[in-house]
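Visitor: Let me give you the structure first, and then I'll get to my questions.
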Amino acid sequence: MKIHHIGIIVARDEWFRTFVERFGGVVTGEGYVEEYGAHCTFVDFGGTVIEFIFPRTPLLANFNRGAGGLHHIAFETDDLGGYSEVLAREGIDLLEEAPVKGAANILVNFIPPAYFGIPVEIIQQLPENENEGGGESE
């Protein structure tokens, strides 16, 4: 598996713009994830991608007492369903019963922080023609 991105919850929108400009990031994708009430923007910094998560509901807005910050590390797999079954056999419960359509044309599920001290997102990139439902831009 490889790291797909690092997820950061943004507490103040102006911080995001300053950060991206300062470090020369390029926006590569964005969308809204209804299940988590979040607008997500993916920014590439020379080959390393950060997902900036803008909470639009209280679900994530109170993360880290409202200060935002590092939320998760995402790993990519070619088969999220198969990998979920492997984790289940190892006694690792995922956050969702079934994968959720994420932003930027991906399927996602999370390993809760109880297992590794931080949420770990497992993602599967979808083919470009499978951008249906969820993950729409705000």
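The values are calculated or read from the model by the stated rules, or taken from the named source; none is laboratory data. Predicted model only: the values in this text are computed from it and were never measured. All Cβ positions, even for glycine, are placed from backbone atoms using ideal geometry, and neighbour counts span all protein chains on display.
Visitor: Can you list the strands (runs of 3 or more DSSP E) found entirely within the stretch 1-55 that contain at least 1 residues being of a type in the set (Lys, Arg)? Please lay out each step first, then the result.
Guide: On the way: elements: 2-9, 26-33, 38-45, 48-55.
Correct list: 2-9.
Visitor: Please pick out the residue among Glu90, Glu85, Glu51 that is within 12 Å of the chain's Cα centre (by Cα), at pLDDT 95 or above and not β-branched (Val, Ile, Thr). Give the derivation first.
Guide: Working: Glu90 fails: within 12 Å of the chain's Cα centre (by Cα); Glu85 fails: within 12 Å of the chain's Cα centre (by Cα).
Answer to the selection: Glu51.
Visitor: A further question follows. Does Leu95 fit the bill of being closer than 15 Å to Ile123 by Cα, aliphatic (A, V, I, L, M) and not in a helix (DSSP H, G or I)?
Guide: Working: closer than 15 Å to Ile123 by Cα: yes; aliphatic (A, V, I, L, M): yes; not in a helix (DSSP H, G or I): yes.
For Leu95, the condition - closer than 15 Å to Ile123 by Cα, aliphatic (A, V, I, L, M) and not in a helix (DSSP H, G or I) - is met.
Visitor: Across the stretch 1-27, what is the number of residues that are of a type outside the set (A, V, I, L, M) and either closer than 22 Å to Asn109 by Cβ or touching a Lys or Arg at 6+ places or on another chain (Cβ under 6 Å) (or both)? Lay out the reasoning, then the answer.
Guide: Taking the stretch 1-27 and keeping what is of a type outside the set (A, V, I, L, M), we get 2, 4-5, 7, 12-19, 21-25.
Those left that are additionally either closer than 22 Å to Asn109 by Cβ or touching a Lys or Arg at 6+ places or on another chain (Cβ under 6 Å) (or both): 2, 4-5, 7.
Summing the residues that are of a type outside the set (A, V, I, L, M) and either closer than 22 Å to Asn109 by Cβ or touching a Lys or Arg at 6+ places or on another chain (Cβ under 6 Å) (or both) in the stretch 1-27 gives 4.
Visitor: Inside the stretch 62-78, can you point out the residues that are in a strand (DSSP E or B) and either in contact with an Asp or Glu (Cβ under 9 Å, 6 or more places away or on another chain) or closer than 13 Å to Arg12 by Cα (or both)? Full working, then the answer.
Guide: Residues of the stretch 62-78 that are in a strand (DSSP E or B), as a first pass: 69-76.
Across the stretch 62-78, the qualifying residues are Gly69, His71, His72, Ile73, Ala74, Phe75.
Visitor: Does the stretch 46-58 contain any residue that is without any contact (Cβ under 8 Å) to a residue 12 or more places away in the chain and farther than 29 Å from Leu87 by Cβ?
Guide: no
Visitor: Here is a further query. So Leu59 fits all but one of (1) touching a Pro at 6+ places or on another chain (Cβ under 8 Å); (2) not in a strand (DSSP E or B); what number is the exception?
Guide: Every listed condition holds for Leu59 apart from (1).
Residue-wise test of (1) touching a helix residue (DSSP H, G or I) at 6+ places or on another chain (Cβ under 8 Å); (2) surrounded by 15 or more Cβ atoms within 10 Å (Cβ to Cβ); (3) farther than 16 Å from Val100 by Cβ.
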site: Tyr32; (1), (2), (3): no, yes, no
site: Tyr36; (1), (2), (3): yes, yes, no
site: Ile50; (1), (2), (3): no, yes, yes
site: Phe63; (1), (2), (3): no, yes, yes
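Visitor: Being in contact (Cβ under 8 Å) with a residue 40 or more places away in the chain, surrounded by 11 or more Cβ atoms within 10 Å (Cβ to Cβ), touching a strand residue (DSSP E or B) at 6+ places or on another chain (Cβ under 8 Å) and of a type outside the set (D, E, K, R) narrows it down to one of Ile111, Ile6, so name that one. First the steps, then the outcome.
Guide: Details: Ile111 fails: in contact (Cβ under 8 Å) with a residue 40 or more places away in the chain.
After ruling out the rest, the residue left standing is Ile6.
Visitor: Here is a further query. Kindly indicate the residue of the stretch 1-18 that is under 13 Å from the mean Cα position of the chain (by Cα) and among the aliphatic types (A, V, I, L, M) and also farthest from Phe54 (Cα to Cα) among those meeting that condition.
Guide: Of the residues in the stretch 1-18, the ones under 13 Å from the mean Cα position of the chain (by Cα) are 3-10.
Next, only the ones that are among the aliphatic types (A, V, I, L, M) stay: 3, 6, 8-10.
Details: Ile3: 21, Ile6: 14, Ile8: 9, Ile9: 6, Val10: 5 Å.
Of everything passing the filter in the stretch 1-18, Ile3 is farthest from Phe54 (Cα to Cα).
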